[in-house]
Amino acid sequence: MTATIVSPRLMRIGGGSVGQIAEVLGLFGLSRPLVVTDPWMLSSGTVDRCLDPMRAAGLDPAVFAETVPDPTDTVVEAGVAAFRAGDYDCLIGFGGGSPMDTAKAIAILAAAAPGQRMREFKVPAQADRGAVPVICIPTTAGTGSEATRFTVITDTGTDEKMLVAGLGALPLAAIVDYELTYSVPQRTTADTGIDSLTHALEAYVSKRANPHADSLALSAMRLIGRHLRIAYHQPKNAAAREAMMLGAMQAGLAFSNSSVALVHGMSRPIGAHFHVPHGLSNAMLLPAVTEFGLNDALPRYAEAARAMGVATLEDADQVAGSKLLEELRALNQELGVPTPKGHGIAAAQWERLLPLMAKQALASGSPANNPRVPDEAQIIALYRKVYG
Ligand SMILES: NC(=O)c1ccc[n+]([C@@H]2O[C@H](COP(=O)([O-])OP(=O)(O)OC[C@H]3O[C@@H](n4cnc5c(N)ncnc54)[C@H](O)[C@@H]3O)[C@@H](O)[C@H]2O)c1
Ligand SMILES: [Fe+2]
């Protein structure tokens, strides 16, 4: 079997690295950026952390701050209009996964033929072309989007969260500065941290796993397994924030070069229909979906438990697998993850949408990478199991 490995050409990692944004642009001969961010980043002044160093270097960056959580095709179209209105030579995605994914999608749609819509690029299509390079600066730890060949965009016509994949979504460069995450609220720290953990675990047990992605996934699970709780309880803990940021990036590299699987396949429809934050819908599903596939990739799940530090080398695989399930449940408990019911989703609406959600989950292709591949009925059963 062969594996294709992709990653950004440059990753600048470390506390304070956002201050070096102008230098990074200069390395690639770029000087006319459009910064894509969200309204909070603008109103709180957080985006100045990347604008100020560019201005100090004599650049004149423009800002598009209309990104929404779970970015939509209509916001991407507005972003393309803003992009075309100026003479920009690159896009900078500054924020959580939503602004980074929006910047990537703007680059892809701006390179498309006139009249093409975002939905034409959803998997299995390949989105390999971008109009200009994208530089990503994550402020959550995180989606890992700064290092992946994916962008996730909601089709407002169908309420579908579409996975878009290809080299057009792969950033040219990433600046990964954990100091940007000190201000992340506790709930978002939990949600984004479980998202990272899910990326690493799914990449590791995926049918598309390979040795290179494995090493990144295991390293990410070591970092996240030991630091997520600390970052959640102590938001200013530098060591925990740094470890989480690195783990999130490595998890992104891992699943970008392997894949995500059933948790993500089932999570996207929950996000699209009920506007549950991405990491939180992953967390709602993670224990039950892991249990569903456990015995079909037991040695891998056991190794994941050992990497996370919840099982030892002496534990047999079955014991380590059980400890992994216990840990995922305990983590949800400690991090205050509700069930869909506890989150306020009405039972009747959940039940009514299950057939559509199961179809959308399967259509994304992600469930096919799971160690145990479910059919539609099994996905519906899993959705029912996690509801209450
Ligand atoms: N492209 C990929 O590879 C990939 C991978 C996983 C998830 N995603 C997508 O990413 C999106 C989720 O991204 P996210 O979880 O980072 O959330 P987000 O970008 O939607 O941000 C969530 C909230 O946190 C706030 N926030 C972000 N950084 C902050 C900071 N430093 N301080 C204070 N507040 C801050 C934002 O303003 C926002 O209100 C989803 O659409 C998901 O599908 C993409
Ligand atoms: Fe994710």
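The values are calculated or read from the model by the stated rules, or taken from the named source; none is laboratory data. Remember, it's a predicted structure, so these values are computed and weren't measured experimentally. Heads up, the Cβs are rebuilt from the backbone with ideal geometry, glycines too, and the neighbour counts pull from every protein chain shown. The protein model used for the area step is the full one, side chains on, heavy atoms only, and it has no ligands, DNA or RNA in it. Shrake-Rupley method; radii C 1.70, N 1.55, O 1.52, S 1.80 Å.
Looking only at segment 169-186, residues that are more than 16 Å from the chain's Cα centre (by Cα), crowded, with 21+ Cβ neighbours inside 10 Å and near ligand 1 (Cβ under 7 Å from one of its atoms) come to 1 in all.
Cβ-Cβ contacts under 8 Å between residues 6 or more apart (or on different chains), taken from a first residue in segment 272-284 that is touching a residue at least 12 places away in the same chain (Cβ under 8 Å) to a second residue that is part of a loop (DSSP other than H, G, I, E, B) and near ligand 1 (Cβ under 9 Å from one of its atoms), are listed as Ala272/Asp70; His275/Pro69; His275/Asp70; Pro277/Pro69; His278/Asp70; His278/Thr143. I'm checking my understanding of the structure. Among residues of segment 83-101 that are away from ligand 2 (no atom under 16 Å from the Cβ) and farther than 16 Å from Arg9 by Cα, which one is surrounded by the most Cβ atoms within 10 Å (Cβ to Cβ)? Checking each candidate, the answer is Phe94. For segment 27-61, the set of residues classified as touching a helix residue (DSSP H, G or I) at 6+ places or on another chain (Cβ under 8 Å), of a type in the set (A, V, I, L, M) and open to solvent by 20 Å² or more (accessible area, probe 1.4 Å) consists of Ala56, Ala57, Leu59, listed by residue number. Comparison of Pro69, Pro99 shows that the only residue that is near ligand 1 (Cβ under 9 Å from one of its atoms), closer than 19 Å to Trp40 by Cα, outside any helix (DSSP H, G or I) and touching a residue at least 40 places away in the same chain (Cβ under 8 Å) is Pro69.
Matching residues to (1) within 15 Å of ligand 1 (Cβ to nearest atom); (2) under 19 Å from Arg268 (Cβ atoms):
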| site | (1), (2) |
| --- | --- |
| Pro61 | no, no |
| Asp73 | yes, yes |
| Gly79 | yes, no |
| Leu91 | yes, no |
| Ala105 | yes, yes |
| Ala127 | yes, yes |
| Thr140 | yes, yes |
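For segment 237-256, what are the residues that are open to solvent by 10 Å² or more (accessible area, probe 1.4 Å) and either within 12 Å of ligand 2 (Cβ to nearest atom) or under 11 Å from Ala217 (Cβ atoms) (or both)? Once the filter is applied, which keeps residues that are open to solvent by 10 Å² or more (accessible area, probe 1.4 Å) and either within 12 Å of ligand 2 (Cβ to nearest atom) or under 11 Å from Ala217 (Cβ atoms) (or both), segment 237-256 yields Gln250, Leu253, Phe255. Of all residues in segment 321-373, those being at pLDDT below 95, surrounded by 19 or more Cβ atoms within 10 Å (Cβ to Cβ) and in a loop (DSSP other than H, G, I, E, B) number 1.
Please work out if Ala288 is without any contact (Cβ under 8 Å) to a residue 12 or more places away in the chain, away from ligand 2 (no atom under 16 Å from the Cβ), under 21 Å from the mean Cα position of the chain (by Cα) and not assigned by TED's automatic domain parsing to the domain that holds Pro71. Here the answer is no, as Ala288 does not meet what is asked.
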